[in-house]
Amino acid sequence: MNKRLRFVMVGGFLGAGKTTALARLARFYSGRGQRVGLVTNDQAADLVDTTSLRSQGFAVEEVAGACFCCRFDDLVDRVARLQTSERPDVLLAEPVGSCTDLVATVIQPLKDLYGQRFVVAPYPVFFKPSHGLRILRNESGAGFSPKAAYIFRKQLEEADAIVINRLDELDAATLAELTDRIDRDFPGTPVLRVSAKTGQGFDALTALLDQDGNFGRKILDIDYDTYAEGEAEMGWLNSSIRVTAPAPLDLNGLLLDVAARLRGALSAAGVEVAHLKVIGLSDVSFGVANLVSSDTTPELSLAATGTVKEFDLIVNARVAAAPEVVEEQVRRHVTAACEAVGARAEFRTLQSFRPGRPQPTHRYATAK
């Protein structure tokens, strides 16, 4: 019998840092001689994460149109493709950041139906400090409605370990408060502290993921009406734009300007950004800018090198607003940012919508 593939799924809310963490994990496994495949996931096509990871040289498949739970057979199919083409030892999977109940709908079915093919690693969920602290404090005006906050809490509830990310950005007092609140609200769940950006604390995460044992068994008591309504409050936008300029321009500067303009416009409209990603990709360079909340500053998660005259710009926006509002703002401010540097923006594809009700392919009521 062929050796079973180790399946590592990393959960967490929109903007928690999952993609950065998966890229670091992929480099870690490759560095110790293991072959790696990745599967990304989104409600629509033109996903920044897929393009970004492929641009870094990783073998990536994508499940689009719904979360892994609702496209379970597609997930298995994409993994099979990677097994044929790459023969990976480790498979890294990143579910949609607004989804939960993944133990009952993804991990348990994989263990039960495909136990001869997969060894499922412990399930870590990345904690997003910028929104998470406000949610755990039960602050009014925490950026999202109680129904969206419900999803955030449920994600943490089913975790084998909660991973506080962005350790490099947290002061000691904030970190202590986060740890205390997580210990109080999710007693018995191990808490790790890492920086996906710098690698600080990652030894503990990789040690966790190497463990075998009684993991992935926390079946949620979940209200699917609240879950569906919380997801549907998000305006979801994926777009692909061709940018051309008469002279070479600073790609990093444009990516940050697009994100900053959208942050300002959406904040002025009184709506919260869950996550905004902007990638620029040319034949010679690529870069990625991120905005993880309305009250943080856009930053480069991957800096481009050199200057470019022509490139593809991909924008993914997850915002607590109506899709038509998000679409109008993206069209306006991408165009304005390009015009400000003498460039032309041609929108080639654009999808904006609210996610539909989750309809899992499988849902296990008890852990096997």
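The values are calculated or read from the model by the stated rules, or taken from the named source; none is laboratory data. None of the values given here were measured: they were computed from a predicted structure. Note: ideal-geometry Cβ built from the backbone for every residue, glycine included; neighbour counts use all protein chains shown.
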Would you please list the contacts, defined by Cβ atoms under 9 Å and residues six or more apart or on different chains, that run from a residue in the stretch 55-83 that is of a type in the set (S, T, N, Q) to a residue that is modelled with pLDDT under 95 and crowded, with 20+ Cβ neighbours inside 10 Å?
-> SER55/PHE286; GLN56/PHE286
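Quick grid of which residues meet (1) crowded, with 17+ Cβ neighbours inside 10 Å; (2) more than 16 Å from GLY253 (Cα to Cα); (3) over 20 Å from the mean Cα position of the chain (by Cα):
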site	(1), (2), (3)
VAL284	no, yes, yes
ASN290	yes, no, no
ALA321	yes, yes, no
GLU327	yes, yes, yes
ALA337	yes, no, yes
GLU346	no, yes, yes
GLY356	no, yes, no
THR366	no, yes, yes
Picking from ARG242, ARG263, ARG217, the residue that is at pLDDT 95 or above, out of contact with any Cys (no Cβ under 9 Å at 6 or more places or on another chain) and either at positive phi or crowded, with 19+ Cβ neighbours inside 10 Å (or both) would be ARG263
Residue within the stretch 140-148 that is farther than 19 Å from VAL292 by Cα, of a type in the set (Phe, Trp, Tyr) and out of contact with any Ser or Thr (no Cβ under 8 Å at 6 or more places or on another chain) present = no
Residue check for ALA204: in a helix (DSSP H, G or I), out of contact with any Gly (no Cβ under 7 Å at 6 or more places or on another chain) and small (Gly, Ala, Ser) | yes
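Going by the conditions given, is GLY342 surrounded by fewer than 17 Cβ atoms within 10 Å (Cβ to Cβ), in a loop (DSSP other than H, G, I, E, B) and on the phi > 0 side of the Ramachandran plot? Explain how you work it out, then say what you get.
Values: surrounded by fewer than 17 Cβ atoms within 10 Å (Cβ to Cβ): yes; in a loop (DSSP other than H, G, I, E, B): yes; on the phi > 0 side of the Ramachandran plot: yes.
So GLY342 fits the description; yes.
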Selected residue [touching a residue at least 12 places away in the same chain (Cβ under 8 Å) and within 20 Å of MET234 (Cα to Cα)] from ARG331, ARG363, ARG344, ARG348 | ARG331
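Within the group SER267, SER240, which residue is among the polar types (S, T, N, Q), part of a helix (DSSP H, G or I) and assigned by TED's automatic domain parsing to the domain that holds ARG332?
Values: SER240 fails: part of a helix (DSSP H, G or I).
None of the other options fit; the residue is SER267.
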Okay, strands (runs of 3 or more DSSP E) sitting entirely in the stretch 1-114 with 2 or more residues that are farther than 29 Å from SER282 by Cβ and touching an Asp or Glu at 6+ places or on another chain (Cβ under 9 Å), I get 5-9
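Go through the stretch 117-147 and report how many residues are over 30 Å from ALA268 (Cα atoms) and at pLDDT below 95.
0
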Please give the number of the condition VAL119 fails out of (1) touching a Lys or Arg at 6+ places or on another chain (Cβ under 9 Å); (2) crowded, with 20+ Cβ neighbours inside 10 Å; (3) aliphatic (A, V, I, L, M).
-> (2)
Those residues of the stretch 1-21 which are out of contact with any strand residue (DSSP E or B) (no Cβ under 7 Å at 6 or more places or on another chain) and either closer than 14 Å to SER195 by Cβ or of a type outside the set (Phe, Trp, Tyr) (or both) amount to MET1, ASN2, LYS3, THR19
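What number of residues within the stretch 143-171 satisfy the criterion of being part of a helix (DSSP H, G or I) and surrounded by fewer than 18 Cβ atoms within 10 Å (Cβ to Cβ)? Spell out how you get there, then give the answer.
Filtering the stretch 143-171 down to residues part of a helix (DSSP H, G or I) leaves 146-157, 167-169.
Checking the rest, the ones that are also surrounded by fewer than 18 Cβ atoms within 10 Å (Cβ to Cβ) come to 146-147, 153, 168-169.
Selection size over the stretch 143-171: 5.
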